[in-house]
Amino acid sequence: PNLPSDKFNEPSPGPSSKSSSSSSHIRRSVSQLTLDPVPEKVSSADLWDDSLTSVHFESETDEAKYRQRLDVCMKAVGMFNEMGKPRRAIQMLIEQKVLTKDPQVIGTFLHQVPILDKESLGNLLSENDDFAQQILTAFIEKLDFAMYDFDVALRKLLYTFRLPGEGQKIDRVVRCWAARYHAQNPTIMPEQKCVYVLAYASIMLNTDAHNDGVRNKMSLKEFLLNVQNNDGGEKIPPALLEGLYPRILDEEIKMKDEGALLPTAIRKAWMLVKPKTSFKSWKRRWVVLTQEHIHILKRIG
């Protein structure tokens, strides 16, 4: 299925949002990437402290080399975020021997540095060349979707980086994610193309349901037909579709995690809950499971 590219376009963040990160913030974030070996006494917190007063280097040469590499990383992050040139930023890190040209190494870097601009990241990962596709695959493989509900996994993907507006770029990302989700959840989806079809159908339903400009909203029957009329869609269990439809209607799939309800969730569902200390009847509650907690809410939102 082909979706109009404007369905994915959102106002780009202003310049202030891209340039708001301080140099210390960049240092702390980039510190999560493992670079060349440094003295064992140097902690990750010390490494990116402006003062470096508590850090012991074996020699001034070691400290100078480290500061030089740190400066390269900071310039690369600035090029990635403020200039919107992620490919050039990666190339600079490779030329300065901070990264190798191994897609796995680059994918790890992109995954471990959370302050990278999500729009630039999405543009980099969706480029149409073999090297970019290898980086995309490496990056997606860093994300864990095992035992995630379908819509929760899709939400997690869309929170990680901004989908570009071009249809072909979206297609490359969705295909790669479909392979990853199916590999980790073979009992949920019978085939990879089922994941691909349902991802597009879910995004279309989300746009239809939460766009005030759409007057005639998609019904459950129309949603089922939209999925089942595509190659692979007929193999998706109807019960899964019938459960997915109200979940998307009740909670919008946002293209970024700001304002999203518990974006780190693994599973979400309505359940009947009865407090141990209460003699009252069972109550219907929206239950959200994350890695650390179980959240019980009276309503979605």
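The values are calculated or read from the model by the stated rules, or taken from the named source; none is laboratory data. Note that the structure is predicted; figures quoted are calculated from it, not measured. Note that we place each Cβ from the backbone using ideal geometry, even for glycine, and neighbour counts take in every protein chain shown. These accessible areas exclude ligands, DNA and RNA; they are computed on the full protein's heavy atoms, side chains included. Shrake-Rupley method; radii C 1.70, N 1.55, O 1.52, S 1.80 Å.
Name every residue in segment 130-181 that is in a loop (DSSP other than H, G, I, E, B), more than 22 Å from residue 248 (Cα to Cα) and in contact with a helix residue (DSSP H, G or I) (Cβ under 6 Å, 6 or more places away or on another chain), in order of residue number.
Passing the criteria: 142, 166.
Looking at (1) open to solvent by less than 20 Å² (accessible area, probe 1.4 Å); (2) among the aliphatic types (A, V, I, L, M); (3) more than 30 Å from residue 156 (Cβ to Cβ), which one does residue 64 not meet, given that it meets all the others?
It fails just one condition, (1).
Quick check on my filter: what residues within segment 226-256 are in a loop (DSSP other than H, G, I, E, B), farther than 22 Å from residue 156 by Cα and touching a Cys at 6+ places or on another chain (Cβ under 9 Å)? Steps first, answer last, please.
So the first thing to find is which residues in segment 226-256 are in a loop (DSSP other than H, G, I, E, B), and the list is 229-232, 236-237, 251-256.
Applying the additional criterion that residues be farther than 22 Å from residue 156 by Cα yields 229-232, 237.
Scanning segment 226-256 gives a single hit, 232.
Go through segment 182-224 and give me each residue that's without any contact (Cβ under 8 Å) to a residue 24 or more places away in the chain, in a helix (DSSP H, G or I), surrounded by fewer than 22 Cβ atoms within 10 Å (Cβ to Cβ) and not basic (Lys, Arg).
Passing the criteria: 182, 183, 192, 208, 222, 224.
Here is a check on your reading of the model: is residue 84 within 16 Å of residue 162 (Cα to Cα) and more than 17 Å from the chain's Cα centre (by Cα)?
Considered against the rule, which asks whether it is within 16 Å of residue 162 (Cα to Cα) and more than 17 Å from the chain's Cα centre (by Cα), residue 84 comes out as yes.
Taking the criterion of being touching a helix residue (DSSP H, G or I) at 6+ places or on another chain (Cβ under 7 Å) and closer than 17 Å to residue 126 by Cβ, would at least one residue in segment 201-216 satisfy it?
Within segment 201-216, not a single residue is touching a helix residue (DSSP H, G or I) at 6+ places or on another chain (Cβ under 7 Å) and closer than 17 Å to residue 126 by Cβ.
Could you tell me which of the residues 43, 59, 21, 51 is closer than 26 Å to residue 140 by Cβ and either modelled with pLDDT under 90 or among the β-branched types (Val, Ile, Thr) (or both)?
21
Being farther than 18 Å from residue 109 by Cα and basic (Lys, Arg) is the filter here; which residues of segment 125-163 pass it?
155, 156
Does segment 110-125 include one or more residues that are of a type in the set (Asp, Glu), open to solvent by 50 Å² or more (accessible area, probe 1.4 Å) and either part of a loop (DSSP other than H, G, I, E, B) or at positive phi (or both)?
Checked against the condition, which is being of a type in the set (Asp, Glu), open to solvent by 50 Å² or more (accessible area, probe 1.4 Å) and either part of a loop (DSSP other than H, G, I, E, B) or at positive phi (or both), segment 110-125 yields no hits at all.
So which pairs qualify, if the first residue must be in segment 225-239 and on the phi > 0 side of the Ramachandran plot, the second must be open to solvent by less than 50 Å² (accessible area, probe 1.4 Å) and in a helix (DSSP H, G or I), the Cβ gap must be under 6 Å, and the two must be at least 6 apart or on different chains?
Pairs that qualify, where the first residue is on the phi > 0 side of the Ramachandran plot and the partner is open to solvent by less than 50 Å² (accessible area, probe 1.4 Å) and in a helix (DSSP H, G or I), are 232/194; 232/197.
Would you mention how many residues in segment 70-84 are free of Cβ contacts under 8 Å to residues at least 40 places away in the same chain and either surrounded by 18 or more Cβ atoms within 10 Å (Cβ to Cβ) or of a type in the set (Val, Ile, Thr) (or both)?
Matching residues across segment 70-84 total 3.
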